[in-house]
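The values are calculated or read from the model by the stated rules, or taken from the named source; none is laboratory data. Keep in mind the model is a prediction, meaning the values are calculated, not measured. Here the Cβ is made from the backbone with ideal geometry for all residues, glycine too, and neighbour counts use every protein chain on show.
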């Protein structure tokens, strides 16, 4: 999975000014920003769902070649397909809630506010619905690979491996240091996106909504 997609998607959006934004500027740029956000999220969802399917195919190919020893990998396949389903469900949700051309500006503002709050929940909870399944899938794949390798390796492999402690250290460092840092980086990145992009934009739209309601 491309764990940078979340940050890249939001970086395509101009950094919002927040509650101090100028009302005239908010009105003038609302439609363009609305379309840009919708397009960005659509691209993100389709790319992530395709990435999940691709990883699942690679896992499935490996599990098939492992035979009976590959049964943990099929659980990893299900996890990856489940992640893809989450992003496809997002597309179905957006399609179901899509406003018609007759919608008022106020209705569009309220719809964008609801969408941004939904995205904020997704980003803040990325650890439970995204990172945890990814970590579990990697763990299952690694477990099956190591178990099969230990069964098929020559008897003198482990003694020979101990002669190369740098290799053991590299493998241990990858699983104990590199991967945890990557997962932490994704978690922190999503919280930064919420703080710098999503919450200020929510503040902007709340200000615009108050102005529109006052006019009505």
Next item on the list: Six or more apart or on different chains, Cβ under 9 Å: which pairs go from a residue in the range 81-101 that's more than 20 Å from residue 52 (Cα to Cα) to one that's surrounded by fewer than 13 Cβ atoms within 10 Å (Cβ to Cβ)? Could you list them?
Entry: 97/114
Note to self: Could you check the range 109-121 and list, in sequence order, the residues that are surrounded by fewer than 17 Cβ atoms within 10 Å (Cβ to Cβ) and either within 17 Å of the chain's Cα centre (by Cα) or at pLDDT below 95 (or both)?
What the structure shows: 117, 118, 121
Item checked: The lone exception for residue 79 - which of (1) crowded, with 17+ Cβ neighbours inside 10 Å; (2) modelled with pLDDT of 95 or more; (3) over 25 Å from residue 188 (Cβ atoms) it fails -> (3)
Checklist line | Where a residue in the range 20-49 is farther than 23 Å from residue 213 by Cβ and its partner, wherever it lies, is at pLDDT below 95 and assigned to a helix (DSSP H, G or I), with Cβ under 7 Å and at least six apart | finding: 40/9; 41/9; 44/5; 44/9; 47/5; 48/5
Note to self: Whether any residue in the range 93-106 is within 20 Å of residue 201 (Cα to Cα), assigned to a helix (DSSP H, G or I) and touching a helix residue (DSSP H, G or I) at 6+ places or on another chain (Cβ under 6 Å) is what I want to check.
What the structure shows: yes
Next item on the list: Residue by residue through the range 30-56, note down the ones that are more than 25 Å from residue 202 (Cα to Cα), surrounded by 17 or more Cβ atoms within 10 Å (Cβ to Cβ) and under 13 Å from the mean Cα position of the chain (by Cα).
Entry: 49, 51, 52
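From the list 175, 183, which one is surrounded by 12 or more Cβ atoms within 10 Å (Cβ to Cβ), in a helix (DSSP H, G or I) and modelled with pLDDT under 90?
Within the list 175, 183, the selection yields 175.
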